[in-house]
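Only one structure is covered here, and it is reproduced in the block below.
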Amino acid sequence: MRLNKDISLTVILLIGIVILSFVNIEEARPKIESSENIRYDESTNTLYLDSLTIKQKIAQMVVTSGVKENKEELHELFIGGVYFGAEPAKSDYIYVINFFQDGAIVPLFIATDMEGFRNPFENFQKFPVFTEIQTKEQAYDIGYEQGKLLKELGFNLNFAPVVDLEDNIWNCRNLPGTPEEIAEKADYYIDGLQENQIIATSKHYPGKTLSSRDPHKFIVNAVVDKNDLFPFEQNIENKVSAVMVSHIIIKGHVDSGSKPSVVSEKIISGLRNKFTGLIVTDAISLLGLKNFYADEQRMYIDLFKAGNDIVLNFDYNIENVQHMIDIVANAVERGEISEEKIDDSVTRILNAKGINVK
Amino acid sequence: MRLLKILNILLVAVVILLVINLICPVDTIMGNVLYNLDTSKPRCYFMNAGISNEIPINNCCYELYNQLACEQIKGESDFTCYVSKTSGRYYLVNKKTIDYCKKEGFDIEIK
């Protein structure tokens, strides 16, 4: 009798484990809507914006980690781009970039951080750090060489140059000289990159991002003056394609209203008034931003609401990226974020990829 | 009889784990527990041609994510992280930093 009871319990527990295992697997698998609805006319290279769902529009505004296992889900989501750090050899980059572009409805942004100090290609090509760039001609040559390499490998978006006036943390990331000299060298570097069809990104707006600070403090405040802004204004005049906004809380010549610049509508709309290119967030996993928010959902909404075009979410777990897209899509649906603003960003992104938008 | 009892206890434990995993993934809980057990402070240094610069932990995780790999070493730091083994630019970090960055969702390659 007792034995029968124990056996029955074992059977019930086993059935429970099987059911719970299936539920766990189902929960772990991202639920992604099909991308079959997207109308893209290859003959005219035109994408019809009204064929995109809100989630697909948000996804197009996201650049995430190039995790090979996530390729299919990223394509289905209609993600905007993927980012690569270091790989051992040229052939590894060419393989993985082709792998990601193959089957994408529209080309992906293929992004990296090729600054010089941060050189993911160091295994096969070396470049000087920015502090070593003495002349504008040298800046152009380095920009051109980096652009040539990036193009050869299949990249189209580079998060450089740094135009902060000083770097007291790494002590090698800034261009040397006066604000005017920094702006001029950055202009030449940008020309070198963009002549190779690589989108250059002036960073980190509005400056003072690499200034000395307590290494154990996450949330950072700084005061900027017109000199900090000068290189950005000069680069914008010289047609830089993108500007990256930092997580620093700023006061002074511009004011982020006691919140990180990247989520400040004041900062982003001020930049938008003078710049028609792409506005890119700094990596949102950086803790200066994350630790400002008690609620991650609020952070996601504020990032898109502020008016950024491209949001860098490098979380390797695709579920977390999808979670962000869902949260923001809900905010658009309930009117908290303007869909018109989202449409403008998606149009700018697709245009930057060389696609016509209707 | 006794064996069956032990088996049932184990099965109950598995059921509990599966239910917990539905609410919050077990690897996240384990990651937080292991991280909090280590009471040392995260440390991160950028080495550039022999000169050491302390990097805020705020920025360090992103830099480690951009390296090719981190390798365990002996000495004051637990790991060295680099793009190229022959480079004069690399990072020296302790285990707490690696655990912290992983907990924050950064994909860091450990050799």
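The values are calculated or read from the model by the stated rules, or taken from the named source; none is laboratory data. Model, not experiment: these values are computed from the prediction. Positions of Cβ are backbone-derived with ideal geometry, glycine not excepted, and every protein chain shown enters the neighbour counts.
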- Residue pairs within 6 Å by beta carbon, gap of at least six or interchain, first lying in the stretch A:147-171 and in contact (Cβ under 8 Å) with a residue 24 or more places away in the chain and within 14 Å of another protein chain (Cβ to nearest Cβ), second crowded, with 22+ Cβ neighbours inside 10 Å and of a type in the set (V, I, T), listed first then second, are A:N158/A:I198; A:F159/A:T201; A:D164/A:T209
- Item | Some residue of the stretch A:22-43 being assigned to a loop (DSSP other than H, G, I, E, B), on the phi > 0 side of the Ramachandran plot and exposed (fewer than 15 other Cβ atoms within 10 Å of the Cβ) | no
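I need a count of the residues in the stretch A:141-164 that are polar (S, T, N, Q) and in contact with a Lys or Arg (Cβ under 9 Å, 6 or more places away or on another chain).
To start, the set of residues in the stretch A:141-164 that are polar (S, T, N, Q) comprises A:146, A:156, A:158.
So of that shortlist, the ones also in contact with a Lys or Arg (Cβ under 9 Å, 6 or more places away or on another chain) come out as A:156.
Number of matching residues: 1.
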- Task: Working carefully through the options A:I15, A:I94, find the one that is aliphatic (A, V, I, L, M), surrounded by fewer than 16 Cβ atoms within 10 Å (Cβ to Cβ) and under 30 Å from B:C81 (Cα atoms).
- Result: A:I94
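Among the helices (runs of 4 or more DSSP H) lying completely within the stretch A:262-358, list those that include at least 2 residues that are over 28 Å from B:I55 (Cβ atoms). Talk me through it step by step, then tell me what you get.
On the way: elements: A:265-274, A:287-290, A:296-305, A:318-333, A:339-352.
By residue number, A:265-274, A:296-305, A:318-333, A:339-352.
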- In the set A:S258, A:S246, A:S264, A:S241, the lone residue that is among the small types (G, A, S) and within 21 Å of B:Y62 (Cα to Cα) is A:S246
- Task: Could you check how many residues of the stretch A:319-334 are under 12 Å from A:E73 (Cβ atoms) and buried (at least 20 other Cβ atoms within 10 Å of the Cβ)?
- Result: 3
- Query: Does any residue of the stretch A:235-244 turn out to be in a loop (DSSP other than H, G, I, E, B), at pLDDT 95 or above and surrounded by 24 or more Cβ atoms within 10 Å (Cβ to Cβ)?
  - Reply: yes
- Item | Qualifying positions in the stretch B:29-67 - at the interface with chain A (Cβ under 8 Å from one of its Cβ atoms) and either part of a helix (DSSP H, G or I) or modelled with pLDDT under 80 (or both) | B:I57, B:N58, B:N59, B:C61, B:Y62, B:E63, B:Y65
- Across the stretch A:172-203, which residue is farthest from B:I51 (Cα to Cα) among those that are within 14 Å of chain B (Cβ to nearest Cβ) and not hydrophobic (A, V, I, L, M, F, W, C)? A:K203
- Task: Taking the options A:S261, A:S269, A:S256, name whichever one is among the hydroxyl-bearing types (S, T, Y), out of contact with any strand residue (DSSP E or B) (no Cβ under 8 Å at 6 or more places or on another chain) and modelled with pLDDT of 95 or more.
- Result: A:S269
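Based on this model, can you work out whether A:A111 counts as buried (at least 21 other Cβ atoms within 10 Å of the Cβ), over 26 Å from A:N330 (Cα atoms) and within 14 Å of chain B (Cβ to nearest Cβ)?
Working: buried (at least 21 other Cβ atoms within 10 Å of the Cβ): yes; over 26 Å from A:N330 (Cα atoms): yes; within 14 Å of chain B (Cβ to nearest Cβ): yes.
Spelling it out, A:A111 is indeed buried (at least 21 other Cβ atoms within 10 Å of the Cβ), over 26 Å from A:N330 (Cα atoms) and within 14 Å of chain B (Cβ to nearest Cβ).
Name the residue, out of A:F275, A:F292, that is farther than 19 Å from A:V63 by Cα and in contact with a Lys or Arg (Cβ under 9 Å, 6 or more places away or on another chain). Walk me through it before giving the result.
On the way: A:F275 fails: in contact with a Lys or Arg (Cβ under 9 Å, 6 or more places away or on another chain).
None of the other options fit; the residue is A:F292.
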